[in-house]
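Encoded as structure tokens, the structure appears first; notes follow it.
What follows is calculated from the coordinates using simple rules that are stated; it is not laboratory data. Just so you know, these numbers come straight off a predicted model, no measurement behind them. Glycine gets a Cβ as well: all are built from the backbone with ideal geometry, and neighbour counts include every protein chain shown.
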């Protein structure tokens, strides 16, 4: 993520776990947060990123998932709601 001023507050949830984080200002895209979620078993999981409050100009650039349970996995559906 990147933001021109204080980026704001976001929450991320996966299955029944949730965590909140803040984004600091920065001109270049960078890692805003490393999520502590663990995927114990392969299968269908819902990952959700919610913008609670964001400054004008805050941008979401990418998300990376890693681990043995996501190897050869695919995105079933993605939705973006402004």
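Under the simplified labelling scheme, the residue 16-residue 51 pair shows an inter-label distance of 3.1 nm, with each label point 7 Å from Cα along Cα→Cβ. Within segment 8-65, all pairs of alpha-carbon atoms sorted by distance into 10 Å bins from zero give the percentages 18, 54, 22, 5.
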